[in-house]
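Taking it in order: structure first as structure tokens, then the write-up.
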Amino acid sequence: MILYETHEVISHVLTAEGAQIATEGSHEARVWSVLPLPGQGTPVTPAQLKKEVGDETAKVGQGRAFKNGWIGKDGDGLVKKVAEINDTTQLELKEVQETGTLTTGEKILADLRKRKLIAQKKGQWFTVKKGSNFSTSIAKPETDLTVEMLTSGSWKTSTYKKYNFEAEGIPTSGGGLHPLLKVREEIRSIFLEMGFAEMPTQSFVESGFWCFDALFVPQQHPARDLQDTFYLSDPSHALPPEEAYYKRVSTVHEKGGFGSTGYRAPWQPEESSKLLLRTHTTASSAHMLYKLAAKCRGEAEEESESKEFTHGGAATSSTNEKLGSKGDDDGFRPAKLFSIDRVFRNETMDATHLAEFHQVEGVVADRNLTLADLIGFMRVFFSKMGIEQVRFKPAYNPYTEPSLEIFAFHPMLNKWVEVGNSGMFRPEMLEPMGFPKDVRVHGWGLSLERPTMIRYGINNIRTLVGHKTSIEGVENSPAVMF
């Protein structure tokens, strides 16, 4: 409808100091004006000069007046060297004040700008003229062709907005990894760097046998109550595990064995077969350790255990029940395994607890391992996470003996905080699986949420996961790099 051109004009205006000089004269001219000619008065000392013209004018004016050859020294004082001067600075500033520029050129303007006596000012103006589609009325162009326009025929007389194929469009928002996933990947990288293999942990539903009994957790343990465990109602019970192993586990619970007196409590098959949401990933570790012990139990059982396990261990075969070695090689091979996955507990949710959270777990199986090996390993593991100050405290776990709680010094909180739990699996758990007596297994676990909250400065777990999570915070969360 119209055509226009933009024009720019550069001009200059006086600063407050420049305006003062335009009125009263430059600093050097004012210094010259208060000095006497030689022989016509007493020379003015620097101290007297400051009283006459002020500190700033005396300081700036002396240097420029000496440079211009206007003044000189006479003893301890100052006198004029010329009878008349031409205050070019004042004249230049008056010209700038009247015209916005100087006829003498850019070099002097640059010098005045450097002295902060003038400032550059940019002005704009436009020339406007009629365009080829000039009109005195405005009709908004259509952006879409609608059904109504096609029906009424108005599309024939409508004007349409042209497509701008050069436009970049609305920026697309990319996805971002959740802070939990970033910390998970960092911890996973540490495990892989240390030579661990990752365990399959896709079985969220386990039987009471694999989640508790196989780990030598007593059937009367309070953790198995409804207050701590989510039990399934449909289906409610698992298929039975391998019969010989089930018998060994139930016997060591009820009557003892492998050097243990057991719990001396009646065995309840009903409790063992209940299906539940796993309360720890150690259930998956038990599966994997049982499969690792297959070579120690005999070839027939090894073939049976090569099949994928189901809830409760439904695979059956004519297994060799004889435990122990076969010749010089008993079939055991050392292993280092880890997992990071979700677990479920019937917790009251608050700032630090959820009913669903993540557990980081690792196991190391080898001959003649000691508690010192476990402590040394944990120090190396946590140092790779950036945690150098680590302490260990004796604790109780049903399936590890000895057991240790792990504490780390938190510099932001300036105190020691618990970061994990660890121990050596009991013989009552390992030997029924078929491991030789000299095989020891280290196990430990820690939360994934706690190091994530510490790393990202989160004090309420409900803002880390769930409906209170900030999507923008997820997208902008930095990398971990312990």
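The values are calculated or read from the model by the stated rules, or taken from the named source; none is laboratory data. Source: prediction; values computed, not measured. Using ideal geometry, Cβ is built from the backbone for each residue, glycine included, and neighbour counts are taken over all protein chains shown. Ligands, DNA and RNA are excluded from the accessible area calculation, which covers all protein heavy atoms including side chains. Shrake-Rupley method; radii C 1.70, N 1.55, O 1.52, S 1.80 Å.
Relative to the current alpha-carbon distance between residue 45 and residue 147, full extension at 0.36 nm per residue lengthens the span by 27.4 nm.
On a full-extension model of 0.36 nm per residue, what is the gain between residue 271 and residue 243, subtracting their alpha-carbon distance, rounded to one decimal in nm? All intermediate terms of the calculation are to be shown ahead of the outcome.
Working: separation 28, 0.36 × 28 = 10.08 nm, distance 1.63 nm.
Once the chain is fully extended between residue 271 and residue 243, it gains 8.5 nm.
Using r as the Cβ-Cβ distance of residue 111 and residue 395, and R0 as 56 Å, what FRET efficiency do you calculate, to the nearest 0.05?
Details: r = 79 Å, r/R0 = 1.41.
E(calc), rounded to 0.05, equals 0.10.
Taken along its principal axes, the alpha carbon cloud of segment 165-241 reaches lengths of 71, 37, 24 Å, longest axis first.
Length gained on full extension, residue 59 to residue 139, computed as 0.36 nm times the residue gap minus the Cα-Cα distance: 22.1 nm. Modelled label positions at residue 165 and residue 437, each set 7 Å beyond Cα in the direction of Cβ, lie 8.5 nm from each other. With all protein chains in place and ligands, DNA and RNA left out, the 1.4 Å accessible area ranks 99, 282, 45 as 99, 45, 282, largest first. A Cα-only calculation for segment 340-456 places Rg and Dmax at 15.4, 47 Å. Think of each Lys and Arg Cβ as +1 and each Asp and Glu Cβ as -1; about the Cα centre, that makes the dipole of segment 99-242 roughly 2480 debye. Normalised per residue, the accessible area of segment 379-479 is 50 Å², obtained with a 1.4 Å probe and no contribution from ligands, DNA or RNA.
If R0 is taken as 30 Å, the Cβ-Cβ distance between residue 202 and residue 462 corresponds to a FRET efficiency of 0.70. From the Kirkwood radius over Cα pairs of segment 98-196, Stokes-Einstein at 37 °C and 0.692 mPa s returns a whole-number translational diffusion coefficient of 143 µm²/s.
Given the chain, what percent of its DSSP beta bridges are antiparallel, to the nearest 5? If I count the DSSP bridges inside the chain, around 95 percent turn out antiparallel.
When the dipole is taken about the Cα centre of segment 1-157, and only Lys, Arg (+1) and Asp, Glu (-1) are charged at their Cβ, what size is it in debye, to the nearest 20? Working shown, then result.
Details: 21 positive and 20 negative charges, 44 e Å.
Charge dipole of segment 1-157: 220 debye, to the nearest 20.
R0 = 35 Å: FRET efficiency of residue 101 with residue 33, Cβ-based, nearest 0.05? If you can, show how the numbers build up before the last one.
On the way: r = 29 Å, r/R0 = 0.82.
In this case the efficiency is close to 0.75.
Placing unit charges on C-beta atoms (Lys and Arg positive, Asp and Glu negative, everything else neutral), compute the dipole magnitude of segment 244-301 about its Cα centre in debye, rounded to 20.
Values: 9 positive and 5 negative charges, 21 e Å.
I would put it at about 100 debye.
Taking each DSSP H run with n ≥ 4 as -39500 (n - 2.57) and averaging over every residue of the chain yields -9000 deg cm²/dmol at 222 nm. Distance between the 7 Å Cα→Cβ label points at residue 188 and residue 11: 6.7 nm.
Carbon and sulfur: what percent of the chain's accessible surface (1.4 Å probe)?
Working: 14600 of 27490 Å².
That fraction is 53 percent.
Along the axis of the charge dipole computed for the chain (Cβ charges of +1 for Lys and Arg, -1 for Asp and Glu, origin at the Cα centre), the listed residues 343, 265, 104 are led at the positive end by 104.
Each principal axis of the Cα atoms in the chain has its own extent, and those three values, largest first, are 126, 89, 43 angstrom.
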